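Only one structure is covered here, and it is reproduced in the block below.
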Amino acid sequence: MKFCLYIPVGNVTPGQFQSPAAVSEMTKALEQADIDACCVTDHPAPSSEWLHANGHDALDPFTALAFVAAASSRLLLQTNILVLPYRNPFLTAKAATTLQVLSGGRFILGVGSGYQKAEFDALGVDFHKRGRLTDEALETIREIWAGGSIVKKGMGFDAKGNEPRPSPEPQPKIWIGGSSDAALRRAVKHGDGWCPFFSIARHSKLNQDSGIQSVADLKNKVETILQARQQQNLQTAFDVNIAISSVDNFIHRSQGEIDQFQEDLRQLEGAGVNWITLKLPHPSRAAYIENVQWFAENFVAKI
């Protein structure tokens, strides 16, 4: 089992998380703790109502992860998740391959189609076309990364022999978020992995409905993906990364929480999961770093 921890660079607490020194210190703590990857999320223009009710801030994911890359040498870098319809696919492909090249091949592009209509409106993107825009972006990004001239007319672009570079080898992995039937199809067709989340009571109804409801639900969906890959003779490695909560885990750092998480790991591994994404408490930078060290001592060192 591998672990991905959110790095709380989106937290706006003054003097704690949003500075070069803070990012460097947290990154080094993650790497020294042998954490496999860190991730950031994507909200360029969130709804104020959502933000102040139960939402969260976010820095630009590519810029934030570039700072993390510069402060590390081994830590993998993941977007969890980047909302593909928000951006022209040529810009997404360029940002992703730039980060892949300059990080030495450590980038994982976790993507989804989004859910917050107010954010789509602010960015001038049709919310009701997000599924088609996501499919088009995935197809186009793969074509761009293959290298060569692109001749393609899309829903919001018209490439007439454009040749974006770099075309790195290996290409960044793409993990597909979401748990709808469409998301599962995308994971099979375009993905190197699947990265859904468990729904919890704190989520909005839309998030709850789009999340995984149980381990049994998760196992069924993993089996659906793997069977479809087998039918299409897709034999490359495929990752399953489940975000087990979007509320801070291990609030009390109690033995009960340790025992419960160990049982959760056993169940999730049995369902086909090989990556776990977690968010640790971070009332301050020092507390976050201490929690990273505690997590590593209790779990990473024992896997």
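The values are calculated or read from the model by the stated rules, or taken from the named source; none is laboratory data. Here the structure is a predicted model, which is why all the values come from computation and not from measurement. Glycine also receives a Cβ, built like all others from the backbone with ideal geometry; neighbour counts cover every protein chain displayed.
I need the full set of residues from the stretch 253-303 which are without any contact (Cβ under 8 Å) to a residue 24 or more places away in the chain and of a type in the set (A, V, I, L, M, F, W, C), in order please.
Listed by number, the residues that qualify are 286, 287.
Please count how many residues of the stretch 214-252 are free of Cβ contacts under 8 Å to residues at least 40 places away in the same chain and hydroxyl-bearing (Ser, Thr, Tyr).
Within the stretch 214-252, residues that are free of Cβ contacts under 8 Å to residues at least 40 places away in the same chain and hydroxyl-bearing (Ser, Thr, Tyr) number 1.
If a residue must be acidic (Asp, Glu) and crowded, with 16+ Cβ neighbours inside 10 Å, how many such residues does the stretch 249-289 contain?
Adding up the residues that qualify gives 1.
Restricted to the stretch 201-242, and to residues that are among the β-branched types (Val, Ile, Thr) and assigned to a strand (DSSP E or B), which residue is modelled with the lowest pLDDT?
Once the filter is applied, the top-ranked residue is 212.
Is there a residue being basic (Lys, Arg), modelled with pLDDT of 95 or more and in a loop (DSSP other than H, G, I, E, B) anywhere in the stretch 25-35?
Within the stretch 25-35 (the criterion being basic (Lys, Arg), modelled with pLDDT of 95 or more and in a loop (DSSP other than H, G, I, E, B)), the answer is no, since none of the residues qualifies.
Search the stretch 37-77 for residues being over 23 Å from residue 275 (Cα atoms) and among the polar types (S, T, N, Q), and hand back the single one that is surrounded by the most Cβ atoms within 10 Å (Cβ to Cβ).
Top of the filtered list is 47.
Just checking, does the stretch 143-165 include any residue being closer than 28 Å to residue 240 by Cβ and in contact with a Lys or Arg (Cβ under 9 Å, 6 or more places away or on another chain)?
yes
Of 140, 97, which residue is more than 17 Å from the chain's Cα centre (by Cα) and crowded, with 20+ Cβ neighbours inside 10 Å?
Going through 140, 97 in turn, the sole match is 140.
Picking from 152, 160, 189, which residue would you name as being part of a helix (DSSP H, G or I) and surrounded by fewer than 21 Cβ atoms within 10 Å (Cβ to Cβ)?
Of the residues listed, the single one that is part of a helix (DSSP H, G or I) and surrounded by fewer than 21 Cβ atoms within 10 Å (Cβ to Cβ) is 189.
Only one of these is part of a helix (DSSP H, G or I) and at pLDDT 95 or above: 16, 78, 100. Name it.
Answer to the selection: 100.
Report every pair of residues separated by at least 6 positions or lying on different chains whose Cβ atoms are under 7 Å apart, first residue within the stretch 42-59 and of a type in the set (S, T, N, Q), second not in a loop (DSSP other than H, G, I, E, B).
47/118; 47/119
Could you tell me which residue of the stretch 103-126 is nearest to the chain's Cα centre (by Cα), considering only residues that are closer than 14 Å to residue 46 by Cα and among the hydrophobic types (A, V, I, L, M, F, W, C)?
In this case the residue turns out to be 120.
Could you count how many residues in the stretch 247-292 are of a type in the set (Asp, Glu), part of a helix (DSSP H, G or I) and closer than 27 Å to residue 25 by Cβ?
2
Within the stretch 57-75, track down each residue that is in a loop (DSSP other than H, G, I, E, B) and out of contact with any Gly (no Cβ under 6 Å at 6 or more places or on another chain).
60, 71, 72, 73, 74, 75
What tally of residues in the stretch 143-186 results from selecting those that are over 16 Å from residue 100 (Cβ atoms) and either free of Cβ contacts under 8 Å to residues at least 40 places away in the same chain or over 17 Å from the mean Cα position of the chain (by Cα) (or both)?
Final tally of qualifying residues: 21.
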